[in-house]
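One structure is given below, encoded as structure tokens.
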Amino acid sequence: MTHNWNDKNGAFHPISAMDFLPREELRRIQSQRLKELVKLAYENVPLHRSRMNELGVTPSDIRGIDDISKLPFTQKSDLRDTYPYGLFAVDMGEVIRLHASSGTTGKPIVVGYTEDDMEVWETSVMRCLLMFGVQRGDLLQNCFGYGLFTGGMGLHGGAQRLGCTVIPASGGNTERQLMIMRDFGSTAVSCTPSYFIHMIEEAKKYDVDMKSLPLKFGIFGAEPWSEHMREYIEANTNVRAFDIYGLSEIAGPGVGGECLEHNGIHIFEDNFYPEIVDPETGEPLPDGEEGELVITTLAKRAMPILRYRTHDITSIMSEKCACGRTVRRIRRIGRRSDDMFIIRGVNVFPSQIEVALMRVEECTPHYHIILEREKDLDTVTVEVEVNDDCYIDSIAQMDALRKKIQTSISNITGIRMTVKIVEPNSIPRSEGKAKRVIDKRKI
Ligand code: DLL
């Protein structure tokens, strides 16, 4: 059988062969990798071993990929509780990179990669880029943030491996981004979709005609976005907009991406095995049914992750894709099963804001988080009540307190939020689970 390597866009690369394997061959690889992963995790990570022992499962019970549902789940709280390196399965001497992402409270969660893990990650990003049609010779302006966030370095590594010219622009300074885009002749851009829409708006101000730029590919992810946003982007630029999915705990960007069909996200399931479970019960659901995405890292060694509860709500599309790839797809992620929200690509948990507020003695635990979209950029306002005995009798004192709260929040979340001090008892008290987040954005 000949594989449809070319996938209409002419991008041939041997690495993409993994996207087109016959299903039985893929399952054989998955089974082999799962067995090795479980052994590595059981022998080297106390948390995985004790969880498996609790369920009465040993590595020898895992004979193939069909046995995956016998394994325990891993949650974000497990990364928090073993902070920073408790889930690592190898000596630190083998770990050549660390990244971090938001935890649910004050501390981030830490992820590590061996040299082989970096290859798995970067080749997965590369497979995404090839799927989009990006090739050697393309100039990728990478506006994902560089630093502990996986977005910047992840796209960078994959694009460089492919042989693209990478422009490590990182996020922010839109005027400069537009200048680079025009003067350097970027042919591809990667960033959050909301930031690119902001760039389109700003371009009018700086007299940059987006349609006359050589920019052809838009690589967007790290936050939910809609078909409506894609239409807006494609109508106002010459960019073809692609979705890229990923999460730090599993690798970073490149867990999956869209092909030219724009009908779901192909998951590179030789490296990242997807399952869907009922978010309430954790029971596995069949392909096609909507539930919570659970991912197992089949090929990572520094931090092997068994059945990670992503909290992303989607379903698996197992029908054959017209592009010829055999790796299954998931529907685009539109919502989550927890209260995490994403602001300009940064994950924020209400509990982080609560910790920040509690560090300011004048604050009470009564607060609201209001999310809005102004001029295509997300904004957050935190409304908080202060203690009755907190005496504020001048505007200067009020400003100083607001600033103190703002600093405390940005120290933990990395995001500047507007703070509004509101009258005591003005925030409705709830008998059940308090509704902290009021999301007024229309995504
Ligand atoms: O956002 C990794 C990434 C960087 C993906 C750049 C794509 C591009 P985290 O900061 O750990 O990692 O956030 C992961 O972001 O569980 C989803 O809820 C959300 N997310 C990521 N990509 C998408 C997407 C990076 N394409 C969390 N569509 C995930 C919708 C997305 N949500």
Report summary line: For ARG328, ARG373, the accessible-area ranking with a 1.4 Å probe, largest leading, is ARG373, ARG328
Query raised in the report: With a Cα-only, solvent-free Debye model of the chain, what are the log10 I(q)/I(0) values at q = 0.13 Å⁻¹?
Result: -1.21
Query raised in the report: Can you give the % of DSSP beta bridges in the chain that are antiparallel, to the nearest 5?
Result: 65
**Report entry** Nitroxide proxy distance, nm - points 7 Å out along Cα→Cβ at PHE73 and THR105
**Finding:** 2.1
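Quick check on the chain: helices-only [θ] at 222 nm, where DSSP H runs of length 4 and up contribute -39,500 (n - 2.57) each and the sum goes over total residues. Nearest 500, please.
Taking each H run of at least 4 residues, the total per residue is -9000 deg cm²/dmol.
Just to confirm, what accessible area per residue do you get for the chain at 1.4 Å probe, in whole Å²?
Values: 19150 Å² over 443 residues.
It amounts to 43 Å² per residue over the chain.
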Report summary line: Rounded to the nearest 5, the percent of DSSP beta bridges in segment 66-178 running antiparallel is 65
Query raised in the report: So what does ASP388 come to for accessible area, using a 1.4 Å probe and Å² rounded to 10?
Result: 130
Report summary line: Stokes-Einstein, Kirkwood over Cα pairs, segment 341-439, 10 °C, 1.306 mPa s; D in µm²/s equals 114
Query raised in the report: Relative contact order (percent) for segment 1-337, with alpha-carbon contacts under 8 angstrom and 6 or more residues of separation?
Result: 19
**Report entry** For segment 341-439: relative contact order, % (alpha-carbon pairs under 8 angstrom, 6 or more apart)
**Finding:** 33
Query raised in the report: How large is Rg/Rh for segment 98-186, to two decimals, with Cα atoms and a Kirkwood Rh?
Result: 1.03
Query raised in the report: Of the heavy-atom accessible surface of the chain (probe 1.4 angstrom), what whole percent is carbon and sulfur?
Result: 49
Query raised in the report: At a probe radius of 1.4 Å, what is the per-residue accessible area of ARG49, in Å² to the nearest 10?
Result: 80
Query raised in the report: Hey, if we sort VAL355, VAL255 by accessible area with the 1.4 Å probe, largest down, what's the order?
Result: VAL355, VAL255
Requested in this report: Report the net charge of residues surrounding TRP225, where surrounding means a beta-carbon distance below 13 angstrom and charges are Lys +1, Arg +1, Asp -1, Glu -1.
Outcome: -1
Query raised in the report: Quick one: net charge of MET126's neighbours, Cβ under 13 Å, K/R +1, D/E -1?
Result: -1
Query raised in the report: Could you give me the ³J(HN,Hα) list for segment 387-397, computed from phi with Karplus coefficients 6.51, -1.76, 1.60 and θ = phi - 60°, whole Hz, x at Gly and Pro?
Result: 4, 4, 7, 7, 9, 10, 10, 8, 5, 5, 5
Query raised in the report: Between HIS228 and SER50, what length in nm is gained on full extension when 0.36 nm per residue of separation is reduced by their alpha carbon distance?
Result: 59.4 nm
Report summary line: Net charge (Lys, Arg +1; Asp, Glu -1) of residues whose beta-carbon lies under 11 Å from that of ILE109, ILE109 excluded, is 0
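The values are calculated or read from the model by the stated rules, or taken from the named source; none is laboratory data. Small disclaimer: the values here were computed from a predicted structure and weren't measured. Every residue, glycine as well, gets a Cβ built from its backbone with ideal geometry; the counts of neighbours run over all protein chains shown. For the accessible areas, the whole protein counts, side chains as well, though only heavy atoms, and no ligand, DNA or RNA atoms are used. Shrake-Rupley method; radii C 1.70, N 1.55, O 1.52, S 1.80 Å.
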